[in-house]
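Remarks on the structure that follows.
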Amino acid sequence: MPDTLLITGWGQVGPAGAGSAGCRPEAAVPLPVTRAFVDPGLDPVKRLGRGTARFIDRTTALTLMACDEAAADADLRIEPMAERVGVTLGTSCGSVAGTAEFIRDSFVNERPHMVNPIKFPNTVINCAASHAAIRMGAKAINTTVSGGRVSGLLAMRHAQLTLRAGHADALLVGAVEEFTPENAWTAVRGRPRGDDTPLGEAAAMLVLERAAAARPGRRSWAELLAVTVQTFGDPDDRAASHRLGRAALAAAGVPAEEVAVVSLSGTGDPHADADRRRGLAGLFPDPAMRWRDAESIAGDCYSALAAVQLADVLTLRRRDPGLAGRSALVAAFDETGVAAMAVLRFSGSE
Amino acid sequence: MSTRVAITGLGPVSNIGIGVGDFLDALRNGKSGTSRIKSFDTTGFPRVMAGEVEDFHPDAILHRLDPAEWGRSSQLAAAAARLAVQDAGLDPATLAAARTAAAVGTTSGEAVIDVNLARTWALDGYPATEPHDARLLPAGRLSAAVNHELGLTGEAATIATACAAANYAIGFAFDLIRQGEADIAFAGGADSVARHTHAGFLRLGALAEERCSPFDRDRAGILTAEGGAMLVLERMDHARARGARIYGEVLGYGATCDASHMVAPDRNSIARCFRLAHRNAGVRADQIDYVCAHGTGTPTNDLTEALAILEVFGDDPPPVSSIKSALGHSMGAASGFGAMACALAMTHGFLPPTINHVTPDPQLAGIDPVPNQARPADLSIVQNNGFAFGGNNAVVILGRGDA
């Protein structure tokens, strides 16, 4: 039997965490949008300290703040188990703004190599995960995974395998997306939407642990039963969500009747989104099913979205003890054809 | 008895050779793959050498992907996977019947696209953002490209753990097969030469002028490089049942994070990583016959790596060579090429050399870098090192897989 994996806490920054709605973003340069899900009150200097906040990019700042919250929520004291705690972070590109800022110097300065060496690590996609390890003192395996909208679930998939292989006892797992002018222009031009969902920024981190590596004060909110990832070659495959949903439930060993919550977010393609919803609805005909769409509370926060979806269904359980013993399915689809679904079973009270 | 994981195919798209035959010849003959940069305008740069894959013609290798729709790193990953599948002798029916996975390591994803976008924003303004660039940027496309090129429907993950990324990808693929989640996994890495990577290492004082000379007293740094390095990992019984050629076997891996500094390597954390890798692979340090070093050629890396090796292996460590002397530092692909070098070294019985070696470094006494010329050797268990920005270390242990 593989190890049982428990979700023991989570943390989120961004508008969904702060409870605000889409607002008018501010920037010193032109933005392609007039509304975004950002939290204007989010202050990295106040939350992280000037010494940390000064040289890091937006993606890293969001990640660190979410890690702080997740570790506190799980009451995870890392120091005594530092070599057994790691980080698994999903991000599509690292910080698009941090990378562009570094490269810019090569084009505008008189000499093309006169870039800022202190900010060189900001161009590397694993920058945020590495900073998270430094801040949290987490010395076990440190992984960054990229999969567009599926990034948060790819992080869970990687973490699941990693914990079962014994590379760590606990992992901070999640995903991040920044709202910066550079990233907003990339999003609007690179993946234009057919609906009017605003862009958003967020980071959501969960604490995922091996049940067998007990520690005092731990509380389980859910058990991670399965993460199933597939690639669909045909972007118009209308049955994709149905087949993947079936595969995920089979991997989890969960009958459809046990599922009480399904989180499926839009991707900006109304036809594909409707097909996916229909495909999953065929698996879960129960009219009492609670359907969740994280984009409605966090905006299109791309590579953070699947992690926000996970945090959202866990928050639902925290508010509703009646969900104990029931399951949730979290689904994400990326433009590349890679799709993933996770199945959780909510824990009872301890 | 744990599930065993064989290496049954190698797909190098490298500056010393494209395809396993050319790569092997170049490796054995100590051929250098570095040259003057052609992919971007080097006017004004005081250093102009890198390891570009000048002979890479994606159209000639790719069957399904349209290169115009994919960035260079995705092209390199997909082409390497195509070569690997051919080398493994995997026919479409066998592939279709297997549960597959693709794991592609990378440092920067589509670094050339990063440069295009940043240049546009700096010189032409944000509204000039090219949709084509924006669409091609996401790093997740590297692993999706592999699956689409090969027509695979299994899982895909781009693993962006910087310069140790291919070892992370191999480790993940190993865990997938070990845990019964896949029969065949394509694992390795890809990255592209890019202006800002070259500039960044130059400004860090870590870029060599002419050549990369790891473990030399006068080593001056890295040369940035590129490539696609994909390996076919396969469940051992699956490989044997179809009569596959077996280059070797992944015995296990270890990964640690320094959690101390973004750039400076940490000897203790690296030594801990060696020990973890040995323990996970079920081997002792004295059983390792060869170490394919991270060996970037910077003064700090090579010293730190050598001291960690001496700490874990004692005063008489196995030969330690750096293929970065020939290839330069291909970033996320680097440890993928290292794993290939290890597999070929075991299969063909030789130690890959550290080329460009002139003067031994007295500070590295006890390290045999296999200077300049390959040597015949009977290798049973070998170690492939990968270290990265952010203090992410990953070490893979390989065996012959013939027992």
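Here is the figure for region A:283-295: residues that are without any contact (Cβ under 8 Å) to a residue 60 or more places away in the chain and under 17 Å from A:Glu177 (Cβ atoms) total 1.
Listed by position, the strands (runs of 3 or more DSSP E) enclosed by region B:178-262 include none that has at least 3 residues that are more than 20 Å from the chain's Cα centre (by Cα) and polar (S, T, N, Q). Are any residues in region A:129-165 part of a loop (DSSP other than H, G, I, E, B) and in contact (Cβ under 8 Å) with a residue 60 or more places away in the chain, and if so, which ones? Residues satisfying the conditions are A:Ala138, A:Gly147.
Taking region B:356-368 as the range and being touching a strand residue (DSSP E or B) at 6+ places or on another chain (Cβ under 8 Å) and crowded, with 21+ Cβ neighbours inside 10 Å as the test, the residues that pass are B:Asn356, B:His357, B:Ile367. Restricting attention to region B:60-80 and to residues that are charged (D, E, K, R) and surrounded by 12 or more Cβ atoms within 10 Å (Cβ to Cβ), the residue that is farthest from the other protein chains (Cβ to nearest Cβ) turns out to be B:Arg72. Restricting region A:164-185 to residues that are charged (D, E, K, R) and more than 8 Å from chain B (Cβ to nearest Cβ), the residue that is surrounded by the most Cβ atoms within 10 Å (Cβ to Cβ) is A:Glu177. Scanning region A:99-126 for residues that are at the interface with chain B (Cβ under 7 Å from one of its Cβ atoms) and surrounded by 24 or more Cβ atoms within 10 Å (Cβ to Cβ) yields A:Thr99, A:Ala100, A:Phe102, A:Ile103, A:Ser106, A:Val115, A:Pro121, A:Thr123, A:Val124, A:Ile125, A:Asn126. Filtered by the rule that a residue be aliphatic (A, V, I, L, M) and either within 19 Å of the chain's Cα centre (by Cα) or under 22 Å from B:Ala169 (Cα atoms) (or both), region B:66-80 gives B:Leu76, B:Ala77, B:Ala78, B:Ala79, B:Ala80. Condition check for A:Glu257 on (1) modelled with pLDDT under 95; (2) over 30 Å from B:Asn116 (Cβ atoms): one failure, at (1).
Being surrounded by fewer than 24 Cβ atoms within 10 Å (Cβ to Cβ) and under 30 Å from B:Glu181 (Cα atoms), is that true of even one residue in region B:23-46? Checked region B:23-46: no residue is surrounded by fewer than 24 Cβ atoms within 10 Å (Cβ to Cβ) and under 30 Å from B:Glu181 (Cα atoms). For A:Ala274, the criteria (1) of a type in the set (Gly, Ala, Ser); (2) out of contact with any strand residue (DSSP E or B) (no Cβ under 8 Å at 6 or more places or on another chain); (3) more than 14 Å from every other protein chain (Cβ to nearest Cβ); (4) under 27 Å from B:Thr158 (Cα atoms) hold in every case but one, which is (4).
Here's the yes/no breakdown for (1) modelled with pLDDT of 95 or more; (2) under 30 Å from A:Arg24 (Cα atoms); (3) away from chain B (no Cβ under 14 Å):
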| site | (1), (2), (3) |
| --- | --- |
| A:Ala140 | yes, no, no |
| A:His158 | yes, no, no |
| A:Thr162 | yes, no, no |
| A:Ala187 | yes, yes, no |
| A:Pro192 | no, yes, no |
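A count restricted to region B:111-169 and to residues that are among the aromatic types (Phe, Trp, Tyr) and touching a residue at least 24 places away in the same chain (Cβ under 8 Å) stands at 1. A:Val45 meets the conditions (1) of a type in the set (A, V, I, L, M); (2) within 13 Å of chain B (Cβ to nearest Cβ); (3) surrounded by fewer than 24 Cβ atoms within 10 Å (Cβ to Cβ); (4) assigned to a helix (DSSP H, G or I) in every case but one. The failed one is (2).
Would you pick out the residues in region B:241-265 that are crowded, with 17+ Cβ neighbours inside 10 Å, more than 10 Å from chain A (Cβ to nearest Cβ) and either acidic (Asp, Glu) or touching a helix residue (DSSP H, G or I) at 6+ places or on another chain (Cβ under 7 Å) (or both)? B:Ile246, B:Tyr247, B:Gly248, B:Glu249, B:Val250, B:Leu251, B:Pro265 - these are the residues of region B:241-265 that are crowded, with 17+ Cβ neighbours inside 10 Å, more than 10 Å from chain A (Cβ to nearest Cβ) and either acidic (Asp, Glu) or touching a helix residue (DSSP H, G or I) at 6+ places or on another chain (Cβ under 7 Å) (or both). For region A:128-138, the set of residues classified as more than 7 Å from chain B (Cβ to nearest Cβ) and in contact with a Pro (Cβ under 9 Å, 6 or more places away or on another chain) consists of A:His131 only.
Name the single residue that is modelled with the highest pLDDT among those in region A:1-35 being in a helix (DSSP H, G or I) and within 30 Å of A:Thr162 (Cα to Cα). So the residue we want is A:Ala16.
Scanning region B:145-167 for residues that are within 7 Å of chain A (Cβ to nearest Cβ), touching a helix residue (DSSP H, G or I) at 6+ places or on another chain (Cβ under 8 Å) and part of a helix (DSSP H, G or I) turns up B:His148, B:Ala162.
Residues in region B:81-140 that are part of a loop (DSSP other than H, G, I, E, B) and more than 9 Å from chain A (Cβ to nearest Cβ) were compared, and the one that is nearest to the chain's Cα centre (by Cα) is B:Ala88.
Could you look through region A:72-92, keep only residues that are away from every other protein chain (no Cβ under 14 Å) and in a helix (DSSP H, G or I), and pick out the one that is farthest from the chain's Cα centre (by Cα)? Here the answer is A:Pro80.
Tallying residues that are more than 30 Å from A:Ala222 (Cα to Cα), surrounded by 14 or more Cβ atoms within 10 Å (Cβ to Cβ) and at pLDDT 90 or above within region A:48-57 yields 4. Restricting region B:27-67 to residues that are of a type in the set (Gly, Ala, Ser) and in contact with a helix residue (DSSP H, G or I) (Cβ under 7 Å, 6 or more places away or on another chain), the residue that is farthest from B:Glu226 (Cα to Cα) is B:Gly30.
The values are calculated or read from the model by the stated rules, or taken from the named source; none is laboratory data. Here the structure is a predicted model, which is why all the values come from computation and not from measurement. Heads up, the Cβs are rebuilt from the backbone with ideal geometry, glycines too, and the neighbour counts pull from every protein chain shown.
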